[in-house]
1. Would you please give the residues with an amide H less than 5 Å from that of residue 20, counting only those at least 5 places away or on a separate chain, with H modeled from the backbone geometry?
2. Ordered by residue, what ³J(HN,Hα) values in Hz, to whole numbers, does the stretch 18-34 give under the Karplus form 6.51 cos²θ - 1.76 cosθ + 1.60, where θ = phi - 60° and Gly and Pro are x?
3. Arranged from highest to lowest average of other beta-carbon atoms within 10 Å per residue, in what order do the peptides 59-72, 25-38 appear?
4. Subtract the Cα-Cα distance of residue 67 and residue 19 from 0.36 nm times their separation in residues, and report this length gain in nm to one decimal.
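No value in this document is a laboratory result; all are computed from the given coordinates. Just so it is clear, the model here is predicted, and its values are computed rather than measured. Here the Cβ is made from the backbone with ideal geometry for all residues, glycine too, and neighbour counts use every protein chain on show.
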Amino acid sequence: MVSSTQKTKNTSQINNDLLLSRTDLATLFHCGLSSIDALDTYASIPRIKIGRHTFFLKSDVMDFILSHRIEAQNE
């Protein structure tokens, strides 16, 4: 069960965050919508579904990008 304090925190996070559509995400990643659909289906990017529309919090997208970062190897 989610406490009222946690709900308030989550709501304030959404108010201060930017919602990205699938098209926005495709533009950010320089790829097509089918690639975003594959990420949406197979990857663990948290998403918000409102009816048939899908949105992503910009902070969640940035966390996803950073979690898939590969560090350069020193030779």
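1. Those lying under 5 Å, H to H, from residue 20 are 56, 57, 58.
2. Computed from phi, the couplings for the stretch 18-34 are 9, 8, 10, 7, 4, 5, 4, 5, 4, 5, 4, 8, 6, 9, x, 5, 5 Hz.
3. Values: 59-72: 10.5, 25-38: 13.8.
So the peptides 59-72, 25-38, ranked by packing, come out 25-38, 59-72.
4. Numbers: separation 48, 0.36 × 48 = 17.28 nm, distance 1.97 nm.
Taking 0.36 nm per residue and subtracting the Cα distance, the gain is 15.3 nm.
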